[in-house]
1. Run down Phe50, Phe57 and say which single residue is over 24 Å from Asp3 (Cβ atoms), open to solvent by less than 70 Å² (accessible area, probe 1.4 Å) and either basic (Lys, Arg) or in contact with a Gly (Cβ under 9 Å, 6 or more places away or on another chain) (or both).
2. Out of all the residues in the range 56-86, which are over 17 Å from the mean Cα position of the chain (by Cα) and farther than 19 Å from Ala113 by Cα?
3. Starting from residues that are open to solvent by less than 40 Å² (accessible area, probe 1.4 Å), touching a strand residue (DSSP E or B) at 6+ places or on another chain (Cβ under 7 Å) and of a type outside the set (Asp, Glu), keep the ones in the range 1-19 and report whichever is nearest to Tyr107 (Cα to Cα).
4. In the range 45-60, what residues are in contact with a strand residue (DSSP E or B) (Cβ under 7 Å, 6 or more places away or on another chain) and closer than 11 Å to Leu75 by Cα?
5. Need pairs with beta-carbon distance below 6 Å; first residue within 18 Å of Lys71 (Cα to Cα) and within the range 31-60, second crowded, with 19+ Cβ neighbours inside 10 Å and among the hydroxyl-bearing types (Ser, Thr, Tyr); sequence gap 6+ or separate chains.
6. Could you identify the single residue in Tyr77, Tyr66 that is without any contact (Cβ under 8 Å) to a residue 24 or more places away in the chain and within 21 Å of Phe149 (Cα to Cα)?
7. In the range 131-174, which residue that is of a type in the set (Gly, Ala, Ser) and either touching a Cys at 6+ places or on another chain (Cβ under 7 Å) or modelled with pLDDT of 90 or more (or both) is surrounded by the most Cβ atoms within 10 Å (Cβ to Cβ)?
8. Can you find a residue in the range 119-131 that is in contact with a helix residue (DSSP H, G or I) (Cβ under 8 Å, 6 or more places away or on another chain) and without any contact (Cβ under 8 Å) to a residue 24 or more places away in the chain?
Amino acid sequence: MVDLFLDRVLVENNSDQDEFNTEREIIGILENRVLLLFFATAECEKCQRFVPVLNSFFRKLKDPAYIEYPKLLALIYVSLDQSEEQQKKILKELHKRTLFLAFDDPYRKELQAMFMVKDVPAVVVLRPDGSVLSPNAVRDICRLGTDCFRNWQESAELVERTFMLNEEFDDPNLRSATDPVRRLKYKTEDDKRNKRWWKLWVKGKDGNGEEEKDEAWDMKRKSGDGGIWRKR
């Protein structure tokens, strides 16, 4: 799948219109992900009605406001519009993490032919290896919502790497980039046990200290004249 865009420029639909054009950047945003190629045009009424549905679908799978860990999913808008203004009209409604090809990039038409897209709207779903999971998932997205992704994930045998095994934490080279944040937010069982053990140890130490003080006090009282302890 990554090979489809290695020699292309993908633009992110944010305010800065960030461009990804190097091999490293393209791999970073597309590797090990289910890829949605959204073919549409602003002139199509069905497309206009479907855009809010797709935008909500993608937002619920990628936006931290809806989900704690964004899913391994990428969305690329492949415009079949007749003008750049029409393309901007649809992009305005799509999530800021949506990627797209510039209007003057002829590769848009090549992708249309490659995946034999005749009717719009169309959402071609690709596995990480580039094979087609669904030639058009518009109906499934409308009918099943975000449950679609679970089906795609299982079919694509996509591996979630959000969390790693506890024993791997001993090797700092194996930790994920979000590990420090996660370890602050989610205490491991070992951390909890250590904390309980420390509290019990401190409490026991304080108790022994009080007993030692009491014994010393009694000995001094007994050794004093007339039962009165004399300060030395």
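1. Values: Phe50 fails: either basic (Lys, Arg) or in contact with a Gly (Cβ under 9 Å, 6 or more places away or on another chain) (or both).
Exactly one residue qualifies, and that residue is Phe57.
2. We begin by selecting, within the range 56-86, every residue over 17 Å from the mean Cα position of the chain (by Cα); these are 76-86.
Within the range 56-86, Ser83, Glu84, Glu85, Gln86 qualify.
3. Going through the range 1-19, the residues open to solvent by less than 40 Å² (accessible area, probe 1.4 Å) turn out to be 1-2, 4-5, 10-14.
Retained after the next criterion (residues that are touching a strand residue (DSSP E or B) at 6+ places or on another chain (Cβ under 7 Å)): 1, 10-13.
If we keep only those that are of a type outside the set (Asp, Glu) as well, we get 1, 10-11, 13.
Numbers: Met1: 15, Leu10: 11, Val11: 14, Asn13: 18 Å.
Per the criteria, the residue is Leu10.
4. Leu54, Phe58
5. Close Cβ pairs (under 6 Å, with a partner that is crowded, with 19+ Cβ neighbours inside 10 Å and among the hydroxyl-bearing types (Ser, Thr, Tyr)) amount to Phe38/Tyr77.
6. On the way: Tyr77 fails: without any contact (Cβ under 8 Å) to a residue 24 or more places away in the chain.
Just a single option satisfies the conditions, and that option is Tyr66.
7. From the range 131-174, those of a type in the set (Gly, Ala, Ser) are 131, 134, 137, 145, 155-156; that's our starting set.
Now drop any that are not either touching a Cys at 6+ places or on another chain (Cβ under 7 Å) or modelled with pLDDT of 90 or more (or both), which leaves 131, 134, 137, 145.
On the way: Ser131: 9, Ser134: 19, Ala137: 21, Gly145: 14.
For the range 131-174, the residue satisfying everything is Ala137.
8. For the range 119-131, residues in contact with a helix residue (DSSP H, G or I) (Cβ under 8 Å, 6 or more places away or on another chain) and without any contact (Cβ under 8 Å) to a residue 24 or more places away in the chain: absent.
The values are calculated or read from the model by the stated rules, or taken from the named source; none is laboratory data. Nothing here was measured: the structure is a model prediction, and the numbers come from that model. No Cβ is skipped: glycine too gets one built from the backbone with ideal geometry, and neighbour counts run over all protein chains shown. To get the accessible areas, we keep the full protein, side chains included, count just its heavy atoms, and leave off ligands, DNA and RNA. Shrake-Rupley method; radii C 1.70, N 1.55, O 1.52, S 1.80 Å.
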